[in-house]
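Below is one structure, written out as structure tokens, with a few remarks after it.
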Amino acid sequence: MAERWQVACILKERLEITLRFVAWYLDLGADHITLFFDNPQDKAIAVLADEPKVTCIPCTPEFWRSIGVDPELRFPKRQNLALTHAYQQVEDGWLLNVDSDELLLVRDDVSTFLETVPQKAHSVRVLPVEQLHTGKTEVLHLRAAMNKETARFVYGEDARLFGPRRRGLVGHSQGKSFIRAGVQVTWLRQHWPVLPKGQDHHEVVVRPSDNFLLVHMMGEDFRAWRSKLEWRLSSANFSPTLREHVQAALASDAPRKDLRRLYRALYHAETPKLQRMAEQGVLFQISDDLDAPAKLRYADVLKSR
């Protein structure tokens with residue numbers, strides 16, 4: 001019997017991004033999706049109200065207090081506690097804890113893969129890749145994490161923009177986890193579960209491959225990236241090095257121009273850079289359109305409301 005799995009996410013997104021997320025994971029076979037809306041008035045709550053496999057939870061002050069959380073707590077801590085609450089409701093199967101800009105790209109069936117996980121494993125952590133802009137729309141280019149020497153080889157002087165610990169990525173390099181139901185979990189962090197002190201955490205780590213990728217789309221386009229800059233700065237979402245460069249661009253005489261230049265350095269890759277990534281084994285090229293399985297699904301959702 002295939003393993004059941006569901007998804008939980010706390011988010012504050014444009015409607016189309018929320019619906020793509022829902023469509024994507026339903027198409028992948030998720031049995032259920034729980035969405036915690038940091039904006040309790042989010043339009044997606046009404047749009048998804050009749051979707052039987054989706055639970056929408058407006059994160060009002062009353063909700064936070066109902067699960068023992070101070071509504072004024074910083075977002076990263078509220079995020080962890082909301083996802084911990086979601087995990088506590090899971091009775092069987094697995095819970096995947098991801099953000100709304102993180103999409104699994106899987107060639108095979110997720111449930112079938114989870115069946116192969118050793119019984120002693122508490123969780124499965126999938127390492128991330130990041131989308132690149134190359135001007136070649138027929139192929140999706142994705143970069144994986146790399147060591148410092150590889151980052152210097154690939155990016156040259158721009159390697160300093162990424163900071164010393166992000167391993168050539170703008171976002172996290174730790175990945176996100178499926179957590180098996182029934183594990184004694186103290187709380188969920190963004191990347192993995194925390195077990196009681198003294199208890200060993202057994203996890204399976206899935207490295208990027210042609211068959212299994214966690215695509216982090218935080219730089220999907222300049223508009224989306226720019227709209228979240230202040231939030232990412234306030235939540236310590238950037239490396240210290242990148243934060244300094246973002247702050248300098250915001251404070252410059254031409255912030256939009258400087259931010260666009262920074263965005264290009266971080267997310268654009270011409271052929272020579274792609275060749276260097278390929279040579280080092282940190283480039284994945286996918287011929288499919290990342291949105292293809294989801295576009296029809298969320299268009300149908302919109303049409304039905």
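Rounded to whole Å, give me the distance from the Cα center of the stretch 93-140 to that of the stretch 219-241.
Comparing the Cα centres of the stretch 93-140 and the stretch 219-241, I get a distance of 23 Å.
Return, ordered by residue number, the residues of the stretch 42-85 whose backbone nitrogen is under 19 Å from a label point located 7 Å along Cα→Cβ of Gln174.
From the stretch 42-85, the list is 74-85.
Taking H placed 1.01 Å from N in the peptide plane, check which residues at least 5 places from His133 or on another chain put their amide H under 5 Å from its amide H.
Here His268, Ala269 satisfy the definition.
For the chain, what is the accessible area per residue in Å², given a 1.4 Å probe and the full set of protein chains?
Working: 14750 Å² over 305 residues.
Ligands and nucleic acids excluded, the figure is 48 Å² per residue.
How much FRET efficiency would the formula 1/(1 + (r/R0)^6) give for Asp27 and Thr60, where r is the Cβ-Cβ distance and R0 is 41 Å, rounded to 0.05? All intermediate terms of the calculation are to be shown ahead of the outcome.
Values: r = 30 Å, r/R0 = 0.74.
Between Asp27 and Thr60 the formula returns 0.85.
From the phi angles alone, apply the Karplus equation (6.51, -1.76, 1.60; θ = phi - 60°) to the stretch 119-132 and give each ³J(HN,Hα) in whole Hz, x where the residue is Gly or Pro.
4, 6, 6, 7, 8, 10, 9, 9, 6, x, 10, 10, 6, 10
Taking a 1.4 Å probe, which of Cys56, Cys9 shows the most accessible area, and what order do the others take after it? Don't jump to the answer; show the numbers that get you there.
Numbers: Cys56 35, Cys9 0 Å².
The residues order as Cys56, Cys9, largest area first.
Sketch the reach of a paramagnetic label on Thr271 as a point 7 Å from Cα along Cα-to-Cβ, and name the residues of the stretch 119-147 whose backbone nitrogen lies under 16 Å away.
Under 16 Å, as judged by backbone N against the label point of Thr271, lie 134-139 of the stretch 119-147.
Ignoring everything but the protein chains, give the 1.4 Å probe accessible area of Lys12 in square angstrom, nearest 10.
130 Å²
Leaving out ligands, DNA and RNA, and with a 1.4 Å probe, what % of the accessible surface on the stretch 10-77 is carbon or sulfur? Mind dumping the intermediate values first?
Values: 1600 of 3140 Å².
Carbon and sulfur together cover 51 percent of it.
List residues of the stretch 162-194, by number, whose backbone nitrogen lies under 14 Å from a label position 7 Å along Cα→C-beta of Ala236.
190
Express in Å², to the nearest 10, the accessible area of Trp24 obtained by rolling a 1.4 Å probe over the protein heavy atoms while all chains stay in place.
10 Å²
Could you check the spin-label model distance between Trp187 and Val106? Points 7 Å from the Cα along Cα→Cβ, value in nm.
2.9 nm
So what J values fall out for the stretch 103-116 if you push phi through Karplus, 6.51 cos²θ - 1.76 cosθ + 1.60 with θ = phi - 60°, rounded to Hz, Gly and Pro as x?
So the Karplus estimates, Gly and Pro as x, are 10, 6, 10, 10, 7, 9, 7, 4, 4, 5, 4, 5, 4, 7 Hz.
Can you give me the orientation-averaged projected area of the convex hull built on the Cα atoms of the stretch 21-99, in nm²? Let's see the in-between values first.
On the way: hull surface 21.9 nm².
The number I arrive at for the stretch 21-99 is 5.5 nm².
Would you mind telling me the antiparallel percentage of the DSSP bridges in the chain, rounded to 5?
Numbers: 23 of 46 bridges.
Bridges in the chain are about 50 percent antiparallel.
In angstroms, what radius of gyration and Dmax does the stretch 24-155 have, counting Cα atoms only?
18.3, 51
Only helical DSSP H runs with n ≥ 4 go in: add -39500 (n - 2.57) per run for the chain, normalise by residue count and round the 222 nm mean residue ellipticity to 500 deg cm²/dmol.
Working: 12 runs with 111 residues, N = 305.
It lands at -10500 deg cm²/dmol.
Give the percent of DSSP beta bridges with both residues in the stretch 119-237 that are antiparallel, rounded to the nearest 5.
Numbers: 11 of 18 bridges.
Taking every DSSP beta bridge with both residues in the stretch 119-237, the antiparallel ones total about 60 percent.
What accessible area, in Å² to the nearest ten, does a 1.4 Å probe give for Asp31?
50 Å²
Please give the FRET efficiency for Lys43 paired with Thr137, using the beta carbon to beta carbon distance and R0 = 25 Å, rounded to the nearest 0.05. Show your work: numbers first, answer last.
On the way: r = 29 Å, r/R0 = 1.16.
Using R0 = 25 Å, I get an efficiency of 0.30.
Once fully extended, how much extra length lies between Arg165 and Val194, figured as 0.36 nm per residue of separation less the alpha-carbon to alpha-carbon distance?
On the way: separation 29, 0.36 × 29 = 10.44 nm, distance 2.18 nm.
Here the segment from Arg165 to Val194 would lengthen by 8.3 nm.
The values are calculated or read from the model by the stated rules, or taken from the named source; none is laboratory data. Note that the structure is predicted; figures quoted are calculated from it, not measured. Cβ sites come from the backbone with ideal geometry, for glycine too, and all protein chains shown count toward neighbours. For the accessible areas, the whole protein counts, side chains as well, though only heavy atoms, and no ligand, DNA or RNA atoms are used. Shrake-Rupley method; radii C 1.70, N 1.55, O 1.52, S 1.80 Å.
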